[in-house]
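Reviewing the structure listed below.
Computed from the coordinates by the stated procedures, all read-outs in this text should not be read as laboratory data. Since the structure is predicted, the reported quantities are computational estimates derived from the model, not experimental observations. Cβ sites come from the backbone with ideal geometry, for glycine too, and all protein chains shown count toward neighbours.
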Amino acid sequence: MELANYLVERQTQVEDALTRFIALDGIPSELLPLRLVDAMRYSLLGGGKRLRPILTLAAAEAIQPDRAMDAMPFACAMECIHTYSLIHDDLPAMDDDDLRRGRPTNHVQFDEATAILAGDALLTLAFELCGRTPEHVPTGIVLKLVTLLSQAAGVSGMVGGQMLDLQAEHQSITLAQLKTIHGSKTGALIRCSCEAGARIAGGDTQQVASLSAYGTWLGLAFQIRDDLLDVLGDTQKLGKPIGSDEKNDKATYPKFLGLDGAKQAAEQAVTQALECLENFPGQRAEPLRELAR
Ligand code: GRG
């Protein structure tokens, strides 16, 4: 399996779906605040790897390939939440960044109030998209998706993790605390993307648990890699400034473990993620395996 081709194909499908959903058809144009819609579109359609929606689709595919597209509305919901988090994270009150995905951040391109509202509106759009899961998916599963999404994005997940992260600035924290912070701030959405895909495609308890655990390990590997790229990457390729962790005196995996130790920890997390896929024989889980590698 060629991962690059798979990613391009899935990115195109996700972007087509995001473009359709953000067209906001059905709302009379005189009711739409165009500046807000422009700001939402600017960030939602402005690039990015589309990792979380691709994970949702790939997890659904690992259960039942012909059910993968049932997961598209939820996949797009995950991207809406992710995009809102980036817009808010870049604000002057948070990281105060000017560059994201190689372009001016939302508040630089528009203004702070518009950026806050664009984030808020993307968050609520995510719940609407959850409700657009095809009607043949059992209602009980859709209800579970709402709970999963709320827990992953809210106080027990991403927003809670962001708060812990802000409080930890300029404090000395332990490696265990760092893992907890990132497990919530970044890991929760990644785990939720995987678990939701499994549920939408009708996975049994064991399969759902395995794909959720895969998401947990992948989230850890992703965060360690992100910390490493902040030291070793280049701004051009990443589309955002490097060295920001050092500048903001942030606790990171390389600071705790050294560069080699952090690389090893990422490799171990990838090995664990791959082990979670052992009961998925054949080609169906190959995209998830390749993504982890
Ligand atoms: C402000 C509510 C609120 C939450 C902020 C997740 C988060 C919490 C902020 C995002 C900022 C950040 C740098 C998080 C670390 C995780 C990370 C590297 C996110 C970027 O994700 P990618 O690499 O980005 O998937 P693309 O651009 O490819 O979508």
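Can you give me the relative contact order of the chain as a percent, contacts being Cα pairs under 8 Å and 6 or more apart?
21 percent
From the P(r) of the stretch 173-293, can you give the percent of Cα pairs sitting at distances over 23 Å?
Summing the P(r) tail past 23 Å for the stretch 173-293 gives 35 percent.
Based solely on its DSSP helices, what 222 nm [θ] is calculated for the chain when runs of n ≥ 4 H residues each add -39,500 (n - 2.57) and the sum is averaged over all residues, nearest 500 deg cm²/dmol?
It comes out at -21500 deg cm²/dmol, rounded to the nearest 500.
Give me the dipole magnitude in Debye, nearest 20, for the stretch 55-144 about the Cα centre, with unit charges on the beta carbon: positive for Lys and Arg, negative for Asp and Glu.
In debye, rounded to 20, the stretch 55-144 gives about 380.
Only Cα pairs within less than 10 Å get springs; with that Gaussian network setup on the chain, which residue of Q171, Q11, Q272 has the largest fluctuation?
Q171
Only counting other Cβ atoms within 10 Å, I'd like C130, C192 sorted with the fewest neighbours first. Mind dumping the intermediate values first?
On the way: C130 22, C192 29.
Starting with the residue having the fewest Cβ neighbours, the order is C130, C192.
Give the value in nm², to one decimal: projected area of the alpha carbon convex hull of the stretch 1-123, averaged over all directions.
The Cα convex hull of the stretch 1-123, projected and averaged over all directions, gives 8.2 nm².
Highest mean first, how do 56-62, 27-33, 3-9, 252-258 rank when packing is the count of other Cβ atoms within 10 Å averaged over residues?
Sorting 56-62, 27-33, 3-9, 252-258 by mean packing, highest first, produces 56-62, 252-258, 3-9, 27-33.
Over the stretch 1-130, what is the relative contact order in percent, taking alpha-carbon pairs closer than 8 angstrom and at least six residues apart?
27 percent
Taking a cut-off of 27 Å between Cα atoms, list the lysines near K144, but don't count ones fewer than 8 places away on the same chain.
Of all the lysines, those that pass the test against K144 - Cα under 27 Å, at least 8 places apart if same chain - are K49, K179, K185.
Could you pull out the GluC sites (Glu not before Pro) across the stretch 199-293 that fall in loop regions by DSSP (anything but H, G, I, E, B) with no more than 14 other Cβ atoms inside 10 Å? Please list the in-between numbers first.
On the way: sites: E246, E267, E275, E278, E290; in loops: E278.
Sites meeting the loop and neighbour criteria: E278.
When a/c reaches 1.5 or more, the comparison of a/b and b/c decides; with that in mind, is the stretch 95-150 rounded, prolate or oblate per its Cα gyration tensor?
Cα axes put the stretch 95-150 in the prolate bin.
Quick one, what does Rg over Rh come out to for the stretch 248-293 if you take C-alpha atoms and the Kirkwood Rh?
1.17
Considering every Cα-Cα pair within the chain, what fraction, in whole percent, is farther apart than 27 Å?
Of all Cα-Cα pairs in the chain, 39 percent lie more than 27 Å apart.
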